[in-house]
Structures are given as C-alpha cells and as structure tokens.
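Right, one structure below, let's go through it.
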Amino acid sequence: MSTTSPRRVDYLRLSVTDRCNLRCVYCMPPEGVPPRSHDEILSYEELLVFAAAAVAAGITRVRVTGGEPLVRKGFVGFIERLAALEGLTDLSLTTNAILLPACAAELRAAGLKRVNVSIDSLDPERYARLTRGGSLTEALAGLDAALAAGFSPVKVNAVLLAGVEGEVDGFVELIRRCDVHVRFIEYMPLDRRLAADRTFVPAGILLERLHAEHAVEAVDGPFGLGPARYYRVPGARGTIGFIAGVSDHFCAGCNRLRLMADGRLKTCLFS
C-alpha cells in the first residue's frame, strides 16, 4: 500500500494574452502566429472571476504570463485587482522585460511581488537572433528596473539552446554583480522543427562546467516549492538554478495549473 502523500495543487499560471513583442525561435515561427481577436480571449473581469474561484479552491500563488503580459492595455489595474484577492499569498510575473522600465514601479505599488525575466543570451547578437530582432540593451534595462522597483527575488530564465554552453561565464558574472537568480530551463521539444535541429542541451552539461570552473555548491531552494535545483557560486550575490523537465522529469511533484488566454485550462504543457 502506497504511503505517498497526494500532491497539493496550489499554483496557477494565468495567461492574459497570446500576443508578444518578440518572436523567439523556440516559441513561434518567423512570421509569428495569427493573433486572436479580443472576443476570443478572456476579459480581465473573466480572468478575475476564475482566479477568485481558484483561490477559494486552494490556489495560493498566481504567476501572470502571456505571450508577453505587458503588451495588454490596462495591465497594472488588473494586477491591483488580482493582488486584492483574499487568500492569495504570492503574485508574480513572467516577462521579457522590454516594456518593464515604464511600469515596474507601478506594478510594485499595485501588489506584484516577484518578477521572472526571460533573457536567453547575454550576447547582443545571439539575443537578437534568438528573439528575431529583440534588443538585449532593452531587456537588461527592464531587469534593472525590476531591481530598482524592489522586486525580490528577481529571477532570470534562460532556455537551454545550442550555443548557451559558451555563455556560462557571462551568467555567472551577472549573479556576481546583481542580486538575481538565473535558472537554465531545458527546452521541451514541442516543435519538431527545432527538435530535428538538435537544439536540446541537457542541464547536466552546464552543471558539469559550473562544478569544474566555478566550484558551485548545491543549496536548498530558497523560493518555495518548485522544480528548480539551485547552486551557489562562491562570492556571488545570486544563485544558478536548473529546471530539467526533459532529462529529469518532475511530473510527480508538479503543483500547477495553467489557464490560457482563450479560456482553456491545462494541467500539463504537453496536454
């Protein structure tokens, strides 16, 4: 007889838009995807009704995502209303940060607690190539704005794509210089075109290099339950983490749901 405790699903990822101001190679084709009309996505009022029901049912943490959430008008007001839900203990945002300098302070005042910034490369040319035209300078300005606004912790997400092996030292320097926490995320081959190009880079390759060159030490995840495994670089202000969803499945411990902008509820990204 199994004595395994049942999972507690207490984390909701809430997508407020399918639109984005970047065209990342692992996310969409070069021409982008046809945007849904306003009638095809949930209104802020509908999103709030769902979030309130989810919190009443046991959800305690909400992460707002997109697309790129900051492209949707009225976003700060939505965050303020979402943050007011009784029983919600943590409210965070995933963003590419391009638009963050204009609204970081407002979002903090509205009740947003944490920010994850997606930056897949610290090399300007590689960043532009991966995002199909994005500006690393603008993304880093958004990261600075998040820190200046007082968000804590601030995490930097980098998808593990071919070529990232040469950027380990740059990301280590980032956590030495700034109080940020870098998480390398294994690419999930949902798109066969990229999978055929041998895009996948296992987390273990970077971890071996970090052990050999930077004497990293494993540390307990300081940011609540989650799939990342964290390591500390001696003298660094932040940490390095790995989310190895392909080479080291964490399905048995998954605690999250995702509501898409069009109203579909997913219990798994592969569903």
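The values are calculated or read from the model by the stated rules, or taken from the named source; none is laboratory data. Here the structure is a predicted model, which is why all the values come from computation and not from measurement. Glycine also receives a Cβ, built like all others from the backbone with ideal geometry; neighbour counts cover every protein chain displayed. Areas reflect the complete protein model, heavy atoms only, side chains present, ligands, DNA and RNA absent. Shrake-Rupley method; radii C 1.70, N 1.55, O 1.52, S 1.80 Å.
Quick look at the values:
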quantity	calculated
Members of segment 2-33 that are over 27 Å from residue 112 (Cα atoms), open to solvent by 30 Å² or more (accessible area, probe 1.4 Å) and modelled with pLDDT under 85	2, 3, 4, 5, 6, 30, 31, 33
Residues of segment 68-96 satisfying the condition of being open to solvent by less than 40 Å² (accessible area, probe 1.4 Å) and either among the small types (Gly, Ala, Ser) or in a loop (DSSP other than H, G, I, E, B) (or both)	68, 77, 83, 85, 88, 92, 96
Filter pass, residue 54 being open to solvent by less than 20 Å² (accessible area, probe 1.4 Å) and more than 26 Å from residue 179 (Cα to Cα)	yes
Any chance residue 237 is modelled with pLDDT of 90 or more, open to solvent by 40 Å² or more (accessible area, probe 1.4 Å) and out of contact with any helix residue (DSSP H, G or I) (no Cβ under 9 Å at 6 or more places or on another chain)	no
All positions within segment 244-268 that are at pLDDT below 90 and open to solvent by less than 80 Å² (accessible area, probe 1.4 Å)	244, 245, 246, 247, 250, 253, 254, 255, 256, 268
Candidate set: segment 104-121, residues that are crowded, with 19+ Cβ neighbours inside 10 Å and hydrophobic (A, V, I, L, M, F, W, C); chosen: the one farthest from residue 156 (Cα to Cα)	110
Condition check for residue 226: more than 18 Å from residue 178 (Cβ to Cβ), under 19 Å from the mean Cα position of the chain (by Cα), open to solvent by 30 Å² or more (accessible area, probe 1.4 Å) and at pLDDT below 90	yes
Every residue from segment 210-223 that is modelled with pLDDT of 85 or more, on the phi < 0 side of the Ramachandran plot and open to solvent by less than 70 Å² (accessible area, probe 1.4 Å)	210, 214, 216, 219
Some residue of segment 172-182 being within 23 Å of residue 125 (Cα to Cα), at pLDDT 95 or above, out of contact with any Gly (no Cβ under 7 Å at 6 or more places or on another chain) and loosely packed, with under 15 Cβ neighbours inside 10 Å	yes
Filter pass, residue 47 being modelled with pLDDT of 95 or more, over 27 Å from residue 241 (Cβ atoms), touching a strand residue (DSSP E or B) at 6+ places or on another chain (Cβ under 7 Å) and not basic (Lys, Arg)	yes
Inter-residue pairs, beta-carbon under 9 Å, first of a type in the set (Gly, Ala, Ser) and in segment 43-72, second in a helix (DSSP H, G or I) and open to solvent by less than 40 Å² (accessible area, probe 1.4 Å), 6+ apart	51/82
Residues satisfying the stated conditions in segment 16-67, i.e. in a loop (DSSP other than H, G, I, E, B), of a type in the set (Val, Ile, Thr) and closer than 17 Å to residue 92 by Cα	16, 17, 59, 60
Residue that is nearest to residue 184 (Cα to Cα), among those in segment 139-157 that are among the hydrophobic types (A, V, I, L, M, F, W, C) and not in a helix (DSSP H, G or I)	156
Yes/no for residue 160 being in a strand (DSSP E or B), of a type in the set (A, V, I, L, M, F, W, C), closer than 28 Å to residue 229 by Cα and out of contact with any Cys (no Cβ under 8 Å at 6 or more places or on another chain)	yes
Hey, residue 107 part of a helix (DSSP H, G or I), under 19 Å from residue 145 (Cβ atoms) and at pLDDT 95 or above or not	yes
Any pair with Cβ under 8 angstrom, 6 or more apart, that starts in segment 23-34 at a residue that is farther than 19 Å from residue 71 by Cβ and ends at one that is open to solvent by 20 Å² or more (accessible area, probe 1.4 Å) and aromatic (Phe, Trp, Tyr)	none
